[in-house]
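**Q** Got a structure for you, written out below as structure tokens; questions coming shortly.
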Amino acid sequence: MVEKRVFDFCFALIGLICLTPLFIVIACIIRLDSRGNIFYVQRRIGRNGIEFLLYKFRTMYVHSEQLGLLTIGYRDYRITHIGYWLRRYKLDELPQLFNILIGNMSFVGPRPEVRKYVETYTKQQQRVLLIKPGITDWASILYYNENEILAKSENPEYLYINEIIPTKILQNLNYIDRHNLWIDLRIIFQTLKKVINK
């Protein structure tokens, strides 16, 4: 959809320009808070199964992902002090505006997964890879407190693979079948509402 790409590019560019002061403040706090890079870069699976680099503000201590890919609760011991607040208000996701500008993500679309979990998809579920991944979607709103849900489970990864992923994909397949710009705007506003209420 040409109009979707135009919307994404224009508002990502405007967002990056307007949020530059906030980016600088967050970058300085991250640098002062703990050792490591300001940005966290991770390989994710995007449209048509093509791998790309996803950008976030770093919220964990260096080498934390070696202890597991899932974040269990907002108080996961691997999360830094500033990382807790960045995650709570989704500010760690802001650098994905660069991904949108580059063109490997959209504002709205299925959240991109790491290869480990994409390899668990059934053939039907792989349809979520037909469109660009996004910063937010209906599943992100439904599972806004996903970290807290996982924290209550005795086996978080089993819960994630067997319950959360299938539910998210079902939401995303419904989105793929009927998405348009107005639905995207509705999802964006619902997401902002969640963040503000948080």
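The values are calculated or read from the model by the stated rules, or taken from the named source; none is laboratory data. What you are looking at is a predicted structure, and each value in this text was computed from that prediction instead of being measured. Note: ideal-geometry Cβ built from the backbone for every residue, glycine included; neighbour counts use all protein chains shown.
**Q** For residue 163, are the conditions met, namely being part of a loop (DSSP other than H, G, I, E, B), more than 18 Å from residue 12 (Cα to Cα) and acidic (Asp, Glu)?
**A** no
**Q** Moving on to the next point. Which is within 21 Å of residue 187 (Cβ to Cβ), at pLDDT 95 or above and of a type outside the set (Val, Ile, Thr), of 44, 5?
**A** None of the other options fit; the residue is 44.
**Q** Let me ask something else. Can you spot a residue in segment 72-95 that is out of contact with any strand residue (DSSP E or B) (no Cβ under 8 Å at 6 or more places or on another chain), within 29 Å of residue 196 (Cα to Cα), of a type in the set (A, V, I, L, M) and buried (at least 16 other Cβ atoms within 10 Å of the Cβ)?
**A** yes
**Q** Please identify the pairs in which a residue from segment 146-157 that is under 24 Å from residue 136 (Cα atoms) has its Cβ atom under 7 Å from the Cβ atom of a residue that is assigned to a helix (DSSP H, G or I) and of a type outside the set (A, V, I, L, M), counting only partners at least 6 apart or on another chain.
**A** Close Cβ pairs (under 7 Å, with a partner that is assigned to a helix (DSSP H, G or I) and of a type outside the set (A, V, I, L, M)) amount to 150/156; 150/160.
**Q** For residue 168, indicate whether it is under 23 Å from residue 46 (Cβ atoms) and not acidic (Asp, Glu). Even if it seems obvious, please write down each step before you answer.
**A** Details: under 23 Å from residue 46 (Cβ atoms): yes; not acidic (Asp, Glu): yes.
In short, yes.
**Q** Can you name the condition, by its number, that residue 7 falls short on among (1) part of a helix (DSSP H, G or I); (2) more than 25 Å from residue 171 (Cβ to Cβ); (3) over 18 Å from the mean Cα position of the chain (by Cα); (4) in contact (Cβ under 8 Å) with a residue 24 or more places away in the chain?
**A** (2)
**Q** Sticking with this one: For segment 86-104, check the following and say yes or no: at least one residue is farther than 26 Å from residue 168 by Cα and in contact (Cβ under 8 Å) with a residue 24 or more places away in the chain.
**A** no
**Q** Please go through (1) hydrophobic (A, V, I, L, M, F, W, C); (2) in a strand (DSSP E or B); (3) farther than 28 Å from residue 10 by Cα for residue 107 and return the number of the only condition it doesn't satisfy.
**A** (3)
**Q** Let me ask something else about it. Filter segment 14-49 for residues that are within 17 Å of residue 134 (Cβ to Cβ) and either touching a helix residue (DSSP H, G or I) at 6+ places or on another chain (Cβ under 6 Å) or in a helix (DSSP H, G or I) (or both) and give the result. Steps first, answer last, please.
**A** First, pick out the residues of segment 14-49 that are within 17 Å of residue 134 (Cβ to Cβ): 15-16, 42, 44-49.
Across segment 14-49, the qualifying residues are 15, 16, 45, 47, 48, 49.
**Q** Follow-up. Out of everything in segment 104-154 that is at pLDDT below 90 and out of contact with any helix residue (DSSP H, G or I) (no Cβ under 8 Å at 6 or more places or on another chain), what residue ends up being surrounded by the fewest Cβ atoms within 10 Å (Cβ to Cβ)?
**A** 154
**Q** So, residue 161, is that one free of Cβ contacts under 8 Å to residues at least 40 places away in the same chain and closer than 26 Å to residue 40 by Cβ or not? First the steps, then the outcome.
**A** Numbers: free of Cβ contacts under 8 Å to residues at least 40 places away in the same chain: no; closer than 26 Å to residue 40 by Cβ: yes.
No, not satisfied.
**Q** Residue 71 is checked against (1) within 16 Å of residue 140 (Cα to Cα); (2) among the β-branched types (Val, Ile, Thr); (3) over 11 Å from the mean Cα position of the chain (by Cα); (4) at pLDDT 95 or above and fails just one. What number does that condition carry?
**A** So residue 71 meets the others, but not (4).
**Q** Let me spell it out: the conditions are (1) small (Gly, Ala, Ser); (2) closer than 30 Å to residue 32 by Cβ; (3) assigned to a loop (DSSP other than H, G, I, E, B), and residue 83 meets all of them except one. Which number is the exception?
**A** (3)
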